[in-house]
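Below: the structure, in structure tokens.
Every read-out reported here was derived from the displayed coordinates using simple, explicitly stated rules and does not represent laboratory data. None of these values were measured; they are calculated from a predicted model. Ideal geometry is used to build each Cβ from the backbone, glycine not excepted, and the neighbour counts take in all protein chains shown.
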Amino acid sequence: MGYKNNVQGYRDGLLESRSVIKRQNYALIPHDGLVKNVVPGFENCDLTILASPKLGANFVDYIITLHENGGNTQGFGEDGVETFVYVIEGALKVGDGTQEQTLTAGGYAYVPADLKMYLENAQTQDTEIFLYKKRYEPLEGYAAHTLFNNVEHLEATNYEDMEDVLIWDLLPKDLGFDMNFHVLSFKPGASHGYVETHVQEHGAYILSGQGMYNLDNEWMPVEKGDYIFMGAYNPQAAYAVGRNESLSYVYSKDCNRDPKI
Ligand code: UGY
Ligand code: MN
């Protein structure tokens, strides 16, 4: 069943999928094959849980379509859990119980671990969001705080000295934050400069374009709407392919903490 790509009913050919799941290592999850999950608190939404601890992630990612009057007005995120939302399309009212804003495409909000996140579709048409939660790792003397913004208000920088690869850092460089979100964008033909191998995990949602992605030294085609989980130490790199559209994705990355032993 492909409820996200509206491909339902019998297929012409054999059943097939681009999904690749290597628990504790990496996963590629395209729209085709996503199923809906019921999560208490979310009303009038089509919601799919993407990465979770069952896959090997220390966070949970969701892709959610909010229908008219859809959202979570009970509050998302339990005590000790930080939350982040990125608006892919539409308009979203988001708050932390003390302040709220309406965000449109490219808008995002972070809510710290001692507050809940409240979400409401702010239009009659559907709104699509990428949602994240993680248990916050406190650091003595520092704190994170609620933040609303839009990628359009940020300045991109060349990624590692490459003019055709741009990066936007969504959260502040502040030790109070134990993770960051970024948007990384490769013009057609651009690539990473090297295959990265690092301790941090990523959950990446592809916003536009097409590419070849190297996950643990296997190259696989990816495109807009695909989700990629990259676990700790998973070798990773991308080449953007296609003609006019950049390969862009929004992704999380843990940071600013010494691993516990
Ligand atoms: O920030 C990163 O680690 C990023 N360059 N990783 C990635 O795109 N797979
Ligand atoms: Mn990386």
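Around residue 26, what is the net charge, scoring Lys/Arg as +1 and Asp/Glu as -1 over all other residues with Cβ under 11 Å from its Cβ?
-1
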Going Cα to Cα from residue 187, which lysines come in below 24 Å? Please leave out same-chain ones fewer than 8 positions away. 224, 253
Using alpha carbon centroids, what distance separates the range 44-101 and the range 144-209, in Å? 20 Å
Cβ-defined net charge surrounding residue 162, 15 Å radius [Lys, Arg +1; Asp, Glu -1]: -4
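Classify the chain as rounded, prolate or oblate, taking a ≥ b ≥ c as the square roots of the eigenvalues of its Cα gyration tensor: rounded when a/c is under 1.5, otherwise prolate if a/b is larger than b/c and oblate if not.
Values: a/c = 1.43, a/b = 1.10, b/c = 1.30.
Because its axes are fairly even, with a/c under 1.5, the chain counts as rounded.
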Using θ = phi - 60° and the Karplus form 6.51 cos²θ - 1.76 cosθ + 1.60, what ³J(HN,Hα) does each residue of the range 216-231 get, whole Hz, x for Gly and Pro? 6, 6, 10, 8, 9, x, 9, 7, 2, x, 6, 10, 10, 9, 10, x
Whole-Hz Karplus ³J(HN,Hα) for the range 61-77, in order, using 6.51 cos²θ - 1.76 cosθ + 1.60 and θ = phi - 60°, x for Gly and Pro? 10, 9, 10, 9, 9, 8, 7, 3, 6, x, x, 9, 9, 7, x, 9, x
A student applying the Cα gyration tensor rule (rounded when a/c is under 1.5; otherwise prolate if a/b is larger than b/c, oblate if not) would label the range 189-261 prolate
Mind checking which aspartates and glutamates have their Cα closer than 20 Å to the Cα of residue 134? Skip sequence neighbours fewer than 8 apart in that chain. 61, 78, 79, 82, 96, 114, 169, 174, 178, 201, 254, 258
